[in-house]
There are 4 protein chains.
Amino acid sequence: MSTQKKIDFCSDVGGSFGKHIIGEDEEVIQYITSANIDCGWHGGDPIIMNKTVQLAKKYHVSVGAHPSLPDLLGFGQRNMECSAFEIYNYVLYQLGAFNAICYVNDIKQSHVKLAANLYHMAIASEDIAKACIDAVVQFDPKLVFVTFAGEKGNAMTEIAKKNGLAVVREFFPDRAYAPNGTLVSRQLEGSLVSDPLEASDRVLRAIEDNKVKTNDGTDIFIDAQTICVHSWQEGAGKMAATIRSELERHGIAFTSMINLV
Amino acid sequence: MSTQKKIDFCSDVGGSFGKHIIGEDEEVIQYITSANIDCGWHGGDPIIMNKTVQLAKKYHVSVGAHPSLPDLLGFGQRNMECSAFEIYNYVLYQLGAFNAICYVNDIKQSHVKLAANLYHMAIASEDIAKACIDAVVQFDPKLVFVTFAGEKGNAMTEIAKKNGLAVVREFFPDRAYAPNGTLVSRQLEGSLVSDPLEASDRVLRAIEDNKVKTNDGTDIFIDAQTICVHSWQEGAGKMAATIRSELERHGIAFTSMINLV
Amino acid sequence: MSTQKKIDFCSDVGGSFGKHIIGEDEEVIQYITSANIDCGWHGGDPIIMNKTVQLAKKYHVSVGAHPSLPDLLGFGQRNMECSAFEIYNYVLYQLGAFNAICYVNDIKQSHVKLAANLYHMAIASEDIAKACIDAVVQFDPKLVFVTFAGEKGNAMTEIAKKNGLAVVREFFPDRAYAPNGTLVSRQLEGSLVSDPLEASDRVLRAIEDNKVKTNDGTDIFIDAQTICVHSWQEGAGKMAATIRSELERHGIAFTSMINLV
Amino acid sequence: MSTQKKIDFCSDVGGSFGKHIIGEDEEVIQYITSANIDCGWHGGDPIIMNKTVQLAKKYHVSVGAHPSLPDLLGFGQRNMECSAFEIYNYVLYQLGAFNAICYVNDIKQSHVKLAANLYHMAIASEDIAKACIDAVVQFDPKLVFVTFAGEKGNAMTEIAKKNGLAVVREFFPDRAYAPNGTLVSRQLEGSLVSDPLEASDRVLRAIEDNKVKTNDGTDIFIDAQTICVHSWQEGAGKMAATIRSELERHGIAFTSMINLV
């Protein structure tokens, strides 16, 4: 008897700020199993956070904090040479703020995913990874920690595990990969995969063959338990719907990442 | 056998922001029993909050969040026509952020005091008071809520009590009072009492006779269980030291507000 | 021989902030004659400002600064109890920043319109109006100053004229008016007129009969030389297109406000 | 007949933000000939800028913009991976805002000095240097541009000159130099020279022998026409006073940088 493959489907949501409403959150959230919710430092604000948590609750989607660098102007998408101590405190602050909003909505925070370039900085620097993970462990060691699938994510994954966190590894169907295993920078041409069917095929290959084709045509190894669509990217609703239905058509089942660790 | 009078002595501390270091926090904190710690919206940032919580812990001082309006440029000292729903979410966010920082330092948040003009807005508007109190009650109903001593603070006090919060009422020795019972605005002449001995006398009279002389020479009724010195005001260290020693000389004892409710 | 009626058609544009892109600027800007461009304090940022100025230049639209309160989170739509001196300096700073961006694009700033609640605060308070007008006069007395049409705008208009500024008075076709002549607050039901044909009829009546029907059915007097559509409001492109074509069909001509003073 | 050596003495001033007052501006400004004034992005705000311009005018000190990265929390002291286009627009915005404040005070902006890590980023990257210089040239090609003395500043200096700007080269008496010619990072031990007499000796040697001793004891070449003291650093008033009197005692004369180009 064969076991059905199960993955988590997550999305970065709650990116609006005040009257600056962006993203197709309500549509995307219907197709996902985990929501990574902005905490007000690169996107989001207390009201948006509250509404997004309620939206996730309505659709039975797990919620996690999506803490970031203090860069609303850059949407967190620019490296900042912060110290580990700065990053530790920034993450801690955002975890607490997000947790309060979950608490009053009677929903439990299930995971944490670092946002935008804080995520990339943690991939590139063990000190930054450790600072983030320290904040998570000290705040709540039961939170699932989202790391980057593939070889480049190994260091961050190991630090998280060594410090006692359960991890899920994440694949980005809507982003191009470089041969070195990193995402192609959004500043460069061809950084996005915008065709939903192509993105779906990439997920299937990542899940079934553990491979993704990079932008020079070579394959790299991918070991993902979750896939991510950015809700604020154009066409996100259609992208999420297509990936969900294509994968289900191929026999993949979806479940929250808390069931995968 | 006579019972010794006991009061709490609190201070608004942790107002620095990044490299913008202000206030005589380390000196003031040695004389107080409760610290109202800024939460990053009008003053404070995650690192300053962490250091201030550690400072309070070192001197065995109770800690409470000091949430405010989103107005760093105005240090929270300008009314903003926010809705009750906005205020509720802003307070909740800051409570959570502050709580996380207390938690990792193994110190329990004991109270909440609204900051600057959010405090004054809550005194003036039952809707705003209710929004703040809702956030506190839903987040942690065991938190002591600081309200304004005197008749003007009655409405806010009643709403807090009706919603199940323990309250302590607060007197400001370093601020002039208007005959209507409000503080004289900082924008006006004569809003400050800067002589530490005069401030001490005002506290003694407030505690022993339940009276404070307003700026037109008349007395109003004051029922305070805590007194507050603003750490970021010039001469705060000397002010706190003098009040503490003068009151002890007159037989007043100091204890954290958590012991007064 | 009859003279053709001429009016200016303006829009509040450039409200995006970083990656938080909002508004139908490129569509709206094709139908207007003057662009009120956000200056980074409630919307806009230096890049958005630059792109919006270039967009206006491309479509031969006059440009003016749209300075606001320091409230990005509230999109400037909340009164803040700032002093006149604060407001004066805030407006001055934004005028200069905007002017630099016009200058390098070889386009001359033609006018100034206060943004959101700074506009409403200046309508309600002569001190605030005077502070804003002082900043404009001292920076460049040749700038046209946009004031509020109808009786409520008289005080601001008089202060501007007395201080040497040319003014144009502004009517809002997409907003409901209260009997007292103010706009119905966006916080209330029925504050918006979202049907483009209804809005067009309101403009025609305001221009030809100097009247607008308020939300209690009574008429008030309106003396407008410019009409405004908010680009960031849903359906703004269609609204602007409809008003433009409807008014032209009725023989109204459009010209930049600099030709009307 | 010998010619007296003449240098400019500048200071980074106006770093306060709202009620967060920092720096010994009024004392320092009495000893300097040029003031580099923060523009509200890492320090300063419109009111502080206005007051600082007036202070400089009172003491007949030249004024220049001190534009920075959008990082108030980090006081501009952290590299941010901004694009050249972002930096160009950020600098332009701040130049314009500052210029408006000079203009209404009837004082002419004389120079520009990049602030904190924007300065260091421009030293390290020709693209960033070019973006900043483009903004300055397009806004006002008569502004004197402050570059970094010594070999490390050559690239930035050459780009400024090639684009038509007059430059003065700057030495930091209160900062340690690394053997490679950069300043020792403030994050490291021994980055500051806090003894005013030692700092004065360093200036004398830099001016007379074109040498500064680095933190490994070796000398590097320095060709400075201006020296800088940071007003917000502890002891800045005494530092500025001592350097001024020590240098005058050794026959060095002080004049604004506008007289040196």
Condition set modelled with pLDDT of 95 or more, surrounded by 17 or more Cβ atoms within 10 Å (Cβ to Cβ) and of a type in the set (D, E, K, R), scope region B:146-174, selection nearest to the chain's Cα centre (by Cα): answer is B:E170
Across region B:71-110, the tally of residues that are touching a Phe, Trp or Tyr at 6+ places or on another chain (Cβ under 9 Å), closer than 18 Å to A:F17 by Cα and aliphatic (A, V, I, L, M) stands at 3
In region A:95-116, anything under 16 Å from the mean Cα position of the chain (by Cα), buried (at least 24 other Cβ atoms within 10 Å of the Cβ) and not charged (D, E, K, R) is listed as A:L95, A:F98, A:H111, A:V112, A:L114, A:A115, A:A116
Flagged in region C:145-167 as free of Cβ contacts under 8 Å to residues at least 40 places away in the same chain and of a type in the set (A, V, I, L, M, F, W, C), in numbering order, are C:F145, C:F148, C:A155, C:M156, C:I159, C:A160, C:L165
Log entry, pairs with first residue in region B:179-194 being touching a residue at least 24 places away in the same chain (Cβ under 8 Å), second being of a type in the set (K, R) and assigned to a loop (DSSP other than H, G, I, E, B), beta carbons closer than 8 Å, six or more apart or on different chains, reads B:L192/B:R186
Among the residues of region A:196-210, the number that are surrounded by 15 or more Cβ atoms within 10 Å (Cβ to Cβ) and not small (G, A, S) is 8
Is it the case that region D:122-145 has a residue that's at the interface with another protein chain (Cβ under 8 Å from one of its Cβ atoms), over 18 Å from the mean Cα position of the chain (by Cα), farther than 23 Å from D:S231 by Cα and crowded, with 24+ Cβ neighbours inside 10 Å?
no
D:A35 passes all but one of the listed conditions (1) assigned to a strand (DSSP E or B); (2) touching a residue at least 40 places away in the same chain (Cβ under 8 Å); the exception is number (2)
Wholly inside region A:149-261, strands (runs of 3 or more DSSP E) that include 2 or more residues that are over 28 Å from C:H20 (Cα atoms) are A:167-171, A:211-213, A:219-221
| query | Would you call B:E189 over 21 Å from B:V13 (Cα atoms) and either at pLDDT 95 or above or out of contact with any Ser or Thr (no Cβ under 9 Å at 6 or more places or on another chain) (or both)? | reply | yes
message: Tell me yes or no: at least one residue of region A:241-252 is surrounded by 15 or more Cβ atoms within 10 Å (Cβ to Cβ) and under 30 Å from D:S83 (Cβ atoms).
response: no
For region C:39-72 the number of residues that are of a type in the set (D, E, K, R) and within 16 Å of D:Y90 (Cβ to Cβ) is 2
Residue pairs qualifying under the 8 Å Cβ cut-off, at least six apart or on distinct chains, with the first in region B:92-103 being facing chain A (nearest Cβ under 7 Å) and the second being outside any helix (DSSP H, G or I) and among the acidic types (D, E), are B:L95/B:D140; B:N99/B:D140
Residue count, region A:33-42, condition more than 12 Å from chain B (Cβ to nearest Cβ), of a type outside the set (S, T, Y) and under 14 Å from the mean Cα position of the chain (by Cα), comes to 4
Going through region A:13-27 in order, the residues found to be within 13 Å of chain B (Cβ to nearest Cβ) and at negative phi are A:F17, A:K19
Worksheet item: Based on what the data block shows, is A:D223 within 19 Å of A:T147 (Cα to Cα), touching a residue at least 24 places away in the same chain (Cβ under 8 Å), out of contact with any Cys (no Cβ under 8 Å at 6 or more places or on another chain) and of a type outside the set (S, T, N, Q)?
Response: yes
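Can you find a residue in region D:187-199 that is in contact with a Gly (Cβ under 9 Å, 6 or more places away or on another chain) and away from every other protein chain (no Cβ under 14 Å)?
Yes: region D:187-199 contains one or more residues that are in contact with a Gly (Cβ under 9 Å, 6 or more places away or on another chain) and away from every other protein chain (no Cβ under 14 Å).
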Are any of the residues in region B:186-202 among the aliphatic types (A, V, I, L, M) and touching a Leu at 6+ places or on another chain (Cβ under 9 Å)? no
Of the residues in region C:41-51, those that are surrounded by fewer than 24 Cβ atoms within 10 Å (Cβ to Cβ), touching a helix residue (DSSP H, G or I) at 6+ places or on another chain (Cβ under 7 Å) and not hydrophobic (A, V, I, L, M, F, W, C) come to C:N50
Counting only residues in region D:221-232 that are out of contact with any helix residue (DSSP H, G or I) (no Cβ under 6 Å at 6 or more places or on another chain) and buried (at least 18 other Cβ atoms within 10 Å of the Cβ), the one modelled with the lowest pLDDT is identified as D:W232
Of C:Q4, C:Q30, C:Q54, the only residue that is within 14 Å of chain D (Cβ to nearest Cβ) and surrounded by fewer than 24 Cβ atoms within 10 Å (Cβ to Cβ) is C:Q54
Over region B:81-94, the set of residues among the aliphatic types (A, V, I, L, M) and either crowded, with 24+ Cβ neighbours inside 10 Å or at pLDDT below 95 (or both) is B:I87, B:V91, B:L92
Of D:S68, D:S83, the only residue that is within 14 Å of chain C (Cβ to nearest Cβ) and in contact with a Leu (Cβ under 6 Å, 6 or more places away or on another chain) is D:S68
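The values are calculated or read from the model by the stated rules, or taken from the named source; none is laboratory data. For clarity, every value in this text was computed on a predicted model and none was experimentally measured. Backbone-built Cβ (ideal geometry, glycine too); neighbour counts: all protein chains shown.
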